[in-house]
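Below: one structure, written as structure tokens.
The values are calculated or read from the model by the stated rules, or taken from the named source; none is laboratory data. Keep in mind that what you see is a predicted model, and the values were worked out from it rather than measured. Quick reminder, even Gly has a Cβ in these numbers, built from the backbone with ideal geometry, and neighbours come from all protein chains shown. When the accessible area is computed, the model is the full protein with side chains, heavy atoms only, and any ligands, DNA or RNA have been set aside. Shrake-Rupley method; radii C 1.70, N 1.55, O 1.52, S 1.80 Å.
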Amino acid sequence: KTKYSKLIFRKSNTVPEELHQTVQEGFLTLRKHNCFFQDLVRIKGKDFLTPVSRILIGNPGCTYKYLNTRLFTVPWPTEGYDIKYCSPQIHDACKALIRLNDYLHIEAVKALQGQNLFETKESKDTAVIDREQIATSLAEKGSVSKDQSSCASEDDYVSLKNRTYYNLTLLNYMDPLQMTYLKQEPYFGMGNMAVSWHHDENLVERSTVAVYSYSCEGSAVEESNEQKLQGRDPAVWHVGLKVAWDIETPGLAIPLHQGDFYLMLDDLNMTHQHCVLAGFSPRFSSTHRVADCSRGTLEYIFGQCELALQNLQTDSDSEALSLKSLETAVVKQAEEIHNEVEFEWLRQFWFQGKRYLKCTDWWLKPMAKLQEFWRKMEIMTSVVLSEFGKEEQIEEQRNETISCFLQVLTERQRLRKEWRVR
């Protein structure tokens with residue numbers, strides 16, 4: 001209660017049975033269609049394959065970056081988007097996950113209100129709150145005067161939404177018996193770790209993380225009673241928590257059975273680290289996040305491309321391409337966007353992007369469009385180079401622009417070498 005109060009744990013019997021069924025069928029469908037992949041991640045300049053296999057599902061056009069690897073969402077069914085799935089079963093699996101996402105969103109809102117992490121009175125009827133009802137329940141609170149109520153409830157609603165409105169889920173799958181080696185938990189003797197101690201990265205500040213766990217428990221894996229006195233049962237999966245940079249405070253290991261879920265509220269992901277402790281049976285988990293997509297959506301990167309290409313003009317007679325401005329700031333901005341498109345998007349997508357085709361071809365069109373933008377930016381780079389060869393520029397300004405330009409070009413060359421190795 002004192003050190004882990006922002007961790008909320010719920011047993012499977014609190015979740016509607018029908019939701020369990022569709023979500024668990026969805027996991028098995030995605031596994032059957034080979035939609036889980038090990039990621040090639042980069043840690044301290046070296047590449048590693050993750051022991052856990054993953055797939056990212058979420059809002060169309062969203063991405064999630066961790067350990068220098070950008071994952072691209074398999075879009076879940078979303079109104080207004082034409083998403084073609086490779087099979088009706090994959091569509092159903094993605095639909096089940098958006099239903100789970102909505103359910104966990106509502107649970108997170110209730111948990112935050114219950115802990116008074118928002119200055120709101122608990123809703124009178126918290127049995128069912130849908131997206132519209134959240135706004136209503138906040139607007140009806142009696143803790144502010146009428147003059148303030150519209151403003152305060154609006155602020156609370158925005159804050160609630162920003163911190164609980166999951167835009168994607170990272171699904172994990174692992175069969176511990178297929179792993180030749182698992183690290184031992186080093187501080188508290190918690191046993192085999194499937195995932196080492198870490199904070200989740202690339203999230204909106206103080207946002208809740210919700211994790212639904214499904215271990216494929218069968219008769220072969222019964223809890224072993226003799227383990228009870230010595231610590232955690234090694235047959236059962238657990239989530240481990242510890243206070244960050246502190247091994248004096250006892251760590252916490254919570255058993256996760258089929259269909260249990262937990263919420264890491266508010267700043268818990270920053271003040272604490274968590275790990276996943278492997279059991280004996282294969283396990284799926286769906287980890288719902290409010291990813292910080294400020295620089296990670298298609299909408300954002302297309303906007304950046306348009307900004308860069310504003311400086312490119314075509315002569316109406318000769319069709320020759322030229323630049324509107326050779327000002328240092330304008331040239332530098334375009335070249336930096338050029339690097340962003342190439343290394344944060346095109347190369348990130350294609351070095352492991354073909355795998356997404358097992359689920360949907362949704363990303364192919366936007367990637368082709370980005371590649372067209374990139375080609376135009378390559379032309380812009382060569383136009384800048386040819387302009388530098390001309391004499392009529394003022395030398396001081398020319399030198400400043402060249403030095404800036406060279407810096408971005410050197411970085412591009414370094415990254416191209418790095419990506420070739422990857």
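Considered as a group, the residues in region 353-381 that are assigned to a helix (DSSP H, G or I) and β-branched (Val, Ile, Thr) include one that is farthest from SER87 (Cα to Cα), and that residue is THR381.
Does SER87 satisfy being within 15 Å of THR287 (Cα to Cα), of a type outside the set (Phe, Trp, Tyr) and open to solvent by 10 Å² or more (accessible area, probe 1.4 Å)? In short, no. The set of residues in region 332-354 being farther than 15 Å from ARG412 by Cα and surrounded by 13 or more Cβ atoms within 10 Å (Cβ to Cβ) consists of PHE349, PHE351, GLN352, GLY353.
Could you check, for region 397-416, whether at least one of its residues is aromatic (Phe, Trp, Tyr) and loosely packed, with under 14 Cβ neighbours inside 10 Å? No, there is no match, as no residue in region 397-416 is aromatic (Phe, Trp, Tyr) and loosely packed, with under 14 Cβ neighbours inside 10 Å.
Per the listing ASP102, ASP47, ASP82, the residue uniquely under 22 Å from LEU203 (Cα atoms), open to solvent by 40 Å² or more (accessible area, probe 1.4 Å) and out of contact with any Ser or Thr (no Cβ under 8 Å at 6 or more places or on another chain) is ASP102.
Does at least one position in region 31-44 carry a residue that is touching a Cys at 6+ places or on another chain (Cβ under 6 Å), surrounded by 14 or more Cβ atoms within 10 Å (Cβ to Cβ) and of a type in the set (Val, Ile, Thr)? No, that holds for no residue.
Listed by position, the strands (runs of 3 or more DSSP E) inside region 1-114 whose residues that are touching a residue at least 40 places away in the same chain (Cβ under 8 Å) and not hydroxyl-bearing (Ser, Thr, Tyr) number at least 3 are 7-10, 37-43, 46-58, 69-72. Of the residues making up region 244-261, those that are in contact with a strand residue (DSSP E or B) (Cβ under 6 Å, 6 or more places away or on another chain) and open to solvent by 10 Å² or more (accessible area, probe 1.4 Å) number 8. Residues in region 306-318: is at least one closer than 17 Å to TYR165 by Cα, open to solvent by less than 20 Å² (accessible area, probe 1.4 Å) and at pLDDT 95 or above? No, that holds for no residue.
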